[in-house]
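What follows is a short report on a single structure.
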Amino acid sequence: MLKFNVNGRVHSLDVEPEMPLLWVLRDQLGLLGTKYGCGIGQCGSCTVLIDGNAERACLVTAAAAAGRKVVTIEGLSRPGLHRVQKAWIEHEVPQCGYCHTGMIMAAAALLAKKPRPTDADIDEGMTNLCRCGTYARVRKAIHAAAAPVATVTPAAKKG
Amino acid sequence: MTIRSPQRRFFLKASAAVGGGLALEFSIPFAAQAAKGVPPTEVNAWVVIHPDDRVVIRIARSEMGQGTLTALAQLVAEELDCDWMKVGTEFASPNEHVRRNRVWGSMSTGGSQGVRGSHDYVRKAGAAAREMLVAAAAAQWKVPAQECTVDKGVITHGPSKRRLRYGQVAAQAASLPAPKDVKLRDPKDWKIAGKPVRRLDIPDKVLGKPVFGVDVTLPGMLHAAIAQCPVFGGKVKSVDDAEALAMRGVKKVVREDDFVAVVADGWWRADRALKKVRIEWDAGEYGKASDATIAAMFREGLADPKMMEAKKAGDAAGALSTAAKVIEAEYASPYLNHATMEPQVCTAWVKPDGFVEVWTSTQNGEASLAEAARTAGVPQEKCEVHKMMLGGGFGRRGAPQDFVRQGVKIAMAMPGKPVKLMWSREEDMQHGFYRPASLVKLRGGLDAQGHLVALEAKVACPSILDTVMPGARKGGVDFTAVRTLSDMPYEIANQFVGYALRNGHVPTGFWRAPGQQNGVYRECFVDELAHAAGKDPLDFRLAMLKPGEKNRLVLEAAAKAAGWGTSLPAGVGRGLAVVEGFGSYAAGVAEVTVEASGALRVLRYVVAINSGHVVNPDTCAAQAESNAVYGLGALFEANTVKDGRIQESNFHDFPLPMIGDMPKVELVLVPTGDFWGGHGEPGILPFQAAVLNAVFAATGKRIRTLPLRKEDLRKA
Ligand code: FES
Ligand code: FES
């Protein structure tokens, strides 16, 4: 039995110690916001926070994750939206959206470390891949989330 | 998104059975309708209205990130004249589509067709529903419909100022006959369409809420991992599954002719066990194929005296023999995987009564339904496909439905159990339907004044149609292999395009903007010709485009927006290109710089697009950005072949552009209002040529063979 602390809840699970955290989340806990994209640490679709750091859940074993504080997209901000999510909506960042749960977790971790990241910080801190090419909006949204308060206008039309 | 309940299915069946599939033939008293739990009303196939005025618009095309879902909803809502803040969407059911005589038109989502291929009938559906709603209100008031007006879902009787909301009259409206002719709004008067309204799918996407194909979860569901024969066309020879079967969670090892799958209680367990299945493959006849044999095949094709004629105007050979100057060049590109971020996936459930239910990320729900039914050997009526959110498509999930065939096959081996098949990235990388590799030889003849008098193109390239739509080519030229060369807007008196069809064994498919590699070849070669003629690349092109011609319009718009001809910082080069396709016209100007190491940086990409009409300018901008990144990747990505199989296996050896690689993208919309074009693909058409022409301007190096390697640009 391994004990996992995910989004503030503790789960005791009988899983193989070498099962990647990604599959503990997806197959065992049904937390499907964290995505599989490559399984080898390249794409970042599986990014979660472990003790506050952005980590690739496909590379972290169940044994290594046990006992540490894991936060997934489902637990990033409840209730309500994290400022990164607000900025993502405000700047219409996602296209297919598959990579974005991981992107958002990576951005949240980056901003926690560097409240006002430069473009170079973003290039270095955001190593997630997006096949739809949403990078320009990711950058814009991170800068916006770093600014004092990102407000989301509820209006249907913008601009 | 929620998976639809059987009750809902029944409700829709009832509606389909009556009134030719358009009207729902029962009326609900107003009082009862206002009460909670009253079902929504299908006013027509596209428009469903809840008693509280929420409008559900059915979407027949797939949403893979391109924004079609929102754009189509905008078009329906525009004519329906409902409150946009109350609009939601649902995907139309492929099963119902078949039973209702294809009431939703085409479900195919490719070729940038989402809007341009359905704008007319979706707008008419919205307008028809509006007229029925107004007629229902007028009938209730016993006044002529002409005395009523509509605004945001509220019908007002002008003389008496009485008002009714859509939700109050939807049931009555549904029982009325559909109007025969409806008048569509002049786009000048659009209030919802044409505006940068927010995409409907984004709020859920930032919460991780959408159910992508990989996220489908059903009671008692099992998971499958698959291994396909690494050599295309090969077969399974023998399987030793003893070790795998003993592993934790493993339920079954499924063996088919061309694949082996492990079914387990979790995907990771299935995949881990699959690696322990000892599979011997029979590579078949292509076990020796390699990049070298493929290149030789194309090389032989270029010399084929019997190549097909794709275009002939004047006498190209004659004009070339008398031209003052002849320029010759060969261009080549590799195979390319789509690399959708979500791998191929299909959940299938063969139920005890024989009904087959499928959940998948598909670009064509109808094709998925046909494939599922064919594989299971049941009529399409006994089969349902649920279209899930797609983690990218780019052409991979439309014509080929290999993942559906496999998913259903595996489910048939596990009757009564839903099974979710997901491909590993490695399978996805090595079993694509690749952008064709090709080799093209170009010859251009200039007269003494530097005018282009002859252009000859010989194309050696596989036929995509032969792989994904066998028979569609009907023995002739595959237009996807010769486009942009055989249909040039330039006025050149003597032209010849020959097509040497060479299929090889690597499956090819529609990869974002099929045929786009010809845009690279043509526009780079035209640049070469301009330089040979001693002319500015813009002037050289404009001289061959009549005033008012649509390629000319976008070329001028892009050049103006980019500041063509203005000075640039040292080391920065500028290049341009113009290519039409997918219903639209696109011209791009790129600015690049090359570092001493040979690393290329694309700084800026200005792209002007004329799509006739524009339904959502912000989504168009997002597509322009997307196309720039996809095009940038395609300069460096390659799938290579050795021993019959694709060498690359994951993103470490098929690297995608990253955030720091993204150029500044500026979209200039120049819609002329007289046609409907797409946005999902046109933005990529001029990208690579504009970049490579800019590389030449910056370095003097002419790149003719892709992929581009650092060594190609490193300073000597
Ligand atoms: S799935 Fe973990 S980095 Fe790609
Ligand atoms: S939005 Fe599709 S992969 Fe990033």
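Got a number for residues in segment B:661-687 being out of contact with any strand residue (DSSP E or B) (no Cβ under 8 Å at 6 or more places or on another chain) and within 14 Å of chain A (Cβ to nearest Cβ)?
Here is the first cut: in segment B:661-687, the ones out of contact with any strand residue (DSSP E or B) (no Cβ under 8 Å at 6 or more places or on another chain) are B:662, B:673-676, B:680, B:684.
Remaining after also requiring within 14 Å of chain A (Cβ to nearest Cβ): B:662, B:680, B:684.
The qualifying residues number 3.
Per the listing B:GLU427, B:GLU381, B:GLU456, the residue uniquely away from ligand 2 (no atom under 16 Å from the Cβ), surrounded by fewer than 24 Cβ atoms within 10 Å (Cβ to Cβ) and within 14 Å of another protein chain (Cβ to nearest Cβ) is B:GLU427. Does B:GLN406 satisfy the condition of being assigned to a loop (DSSP other than H, G, I, E, B), more than 14 Å from chain A (Cβ to nearest Cβ) and not aliphatic (A, V, I, L, M)? The answer is no for B:GLN406. Could you please find all residues in segment A:92-112 being more than 8 Å from chain B (Cβ to nearest Cβ) and either touching a strand residue (DSSP E or B) at 6+ places or on another chain (Cβ under 9 Å) or within 16 Å of ligand 1 (Cβ to nearest atom) (or both)? Listed by number, the residues that qualify are A:GLY102, A:MET103, A:MET105, A:ALA106, A:ALA107, A:ALA108, A:ALA109, A:LEU110, A:ALA112.
Listed here are the residues, each with its yes/no results for (1) in contact with a Gly (Cβ under 9 Å, 6 or more places away or on another chain); (2) of a type in the set (Phe, Trp, Tyr); (3) surrounded by 24 or more Cβ atoms within 10 Å (Cβ to Cβ); (4) under 27 Å from B:VAL214 (Cα atoms).
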position: A:HIS100; (1), (2), (3), (4): yes, no, yes, yes
position: A:ALA112; (1), (2), (3), (4): yes, no, no, no
position: A:THR118; (1), (2), (3), (4): no, no, no, no
position: A:GLU124; (1), (2), (3), (4): yes, no, no, no
position: A:THR127; (1), (2), (3), (4): yes, no, no, yes
position: A:TYR135; (1), (2), (3), (4): yes, yes, yes, yes
position: A:ALA145; (1), (2), (3), (4): no, no, yes, no
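Residues in segment B:360-396 that are away from ligand 1 (no atom under 16 Å from the Cβ) and assigned to a loop (DSSP other than H, G, I, E, B): 13 in all. Is it true that some residue in segment B:87-95 is surrounded by fewer than 24 Cβ atoms within 10 Å (Cβ to Cβ), more than 16 Å from ligand 2 (Cβ to nearest atom) and of a type in the set (Val, Ile, Thr)? Yes; the residues of segment B:87-95 include at least one that is surrounded by fewer than 24 Cβ atoms within 10 Å (Cβ to Cβ), more than 16 Å from ligand 2 (Cβ to nearest atom) and of a type in the set (Val, Ile, Thr).
Exactly one residue out of B:ALA399, B:ALA372 is touching a residue at least 12 places away in the same chain (Cβ under 8 Å), over 30 Å from B:GLU523 (Cβ atoms) and assigned by TED's automatic domain parsing to the domain that holds B:ALA261: that is B:ALA372.
What about B:ILE646, is it surrounded by fewer than 24 Cβ atoms within 10 Å (Cβ to Cβ), within 26 Å of the chain's Cα centre (by Cα) and modelled with pLDDT of 95 or more? First the steps, then the outcome.
Values: surrounded by fewer than 24 Cβ atoms within 10 Å (Cβ to Cβ): yes; within 26 Å of the chain's Cα centre (by Cα): yes; modelled with pLDDT of 95 or more: yes.
For B:ILE646, the condition - surrounded by fewer than 24 Cβ atoms within 10 Å (Cβ to Cβ), within 26 Å of the chain's Cα centre (by Cα) and modelled with pLDDT of 95 or more - is met.
State the number of residues belonging to segment B:241-280 that are part of a helix (DSSP H, G or I), free of Cβ contacts under 8 Å to residues at least 60 places away in the same chain and crowded, with 20+ Cβ neighbours inside 10 Å. It would help to see each step written out before you state the result.
We begin by selecting, within segment B:241-280, every residue part of a helix (DSSP H, G or I); these are B:242-245, B:267-274.
Filter once more, so that each one left must be free of Cβ contacts under 8 Å to residues at least 60 places away in the same chain: B:242-245, B:268-270, B:272-274.
Retained after the next criterion (residues that are crowded, with 20+ Cβ neighbours inside 10 Å): B:244, B:268-270, B:272-274.
Total meeting the criteria: 7.
For the residues B:LYS188, B:LYS205, the requirement of being away from chain A (no Cβ under 14 Å) and free of Cβ contacts under 8 Å to residues at least 12 places away in the same chain singles out B:LYS188.
Return only the number of the condition from (1) outside any loop (DSSP other than H, G, I, E, B); (2) away from chain A (no Cβ under 13 Å) that B:LYS420 does not satisfy. Unmet condition: (2).
The selection criterion, being within 16 Å of ligand 2 (Cβ to nearest atom) and of a type in the set (Asp, Glu), holds for B:GLU342.
Tell me which residues, restricted to segment B:445-462, are closer than 22 Å to B:ALA296 by Cβ and out of contact with any Leu (no Cβ under 8 Å at 6 or more places or on another chain).
Step one: list which residues in segment B:445-462 are closer than 22 Å to B:ALA296 by Cβ, which gives B:457-462.
Correct list: empty.
Check whether at least one residue in segment A:118-141 is in a helix (DSSP H, G or I) and within 16 Å of ligand 1 (Cβ to nearest atom), and report yes or no.
Filtering segment A:118-141 down to residues in a helix (DSSP H, G or I) leaves A:119-125, A:135-141.
From the residues that got through so far, the ones that are within 16 Å of ligand 1 (Cβ to nearest atom) too are A:125.
Scanning segment A:118-141 turns up at least one residue that is in a helix (DSSP H, G or I) and within 16 Å of ligand 1 (Cβ to nearest atom).
Search segment B:281-296 for residues being crowded, with 18+ Cβ neighbours inside 10 Å and of a type outside the set (A, V, I, L, M), and hand back the single one that is farthest from B:GLN228 (Cα to Cα). This residue is B:TYR286.
The values are calculated or read from the model by the stated rules, or taken from the named source; none is laboratory data. A quick note: this is a predicted structure, and the numbers were derived from the prediction, not measured. All Cβ positions, glycine included, derive from the backbone under ideal geometry; neighbour counts span all protein chains shown.
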